[in-house]
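Visitor: Please find one structure pasted underneath; my questions will follow.
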């Protein structure tokens, strides 16, 4: 009995080297980083939603104005157990900007939660 071989030609992987912003020192003094999965805002094209941990049951999201974003870094994508992948980024937001942090939850009777 022969064992089938499932070897395949490896595909080329595009890897982009990390690039620090040129003015790294000044950026860290005037901006703060937030990480998550970027999503389009449902009704305001001037804003972006950043889901902190998209596969968690207790996640939250940030909402920022696009004009307050100074720099975006690509992070490693995350994949859940079903194989669904999500893009993750780190965005640098100007200090003193207004952002919204929202924590959605399901309203339930306390007896059902415990």
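No lab work stands behind these numbers, since they all come straight from the coordinates. Only a predicted model underlies this, so the values are computations on that prediction, with no experimental measurement involved. With ideal geometry, Cβ positions are generated from the backbone for all residues, glycine too; neighbour counts draw on all protein chains shown.
Visitor: What is the distance, in nm, between label points placed 7 Å from the Cα along the Cα-to-Cβ direction at residue 55 and at residue 70?
Guide: 3.2 nm
Visitor: So, R0 is 25 Å and r is the distance between the beta-carbons of residue 84 and residue 28; what FRET efficiency does that work out to, to 0.05?
Guide: Calculated value: 0.15.
Visitor: Something else: Let me see the P(r) profile for segment 29-107: every Cα-Cα distance counted, bins of 10 Å, each bin given as a percent of all pairs.
Guide: Result, from short to long distances: 18, 49, 29, 5, 0 percent.
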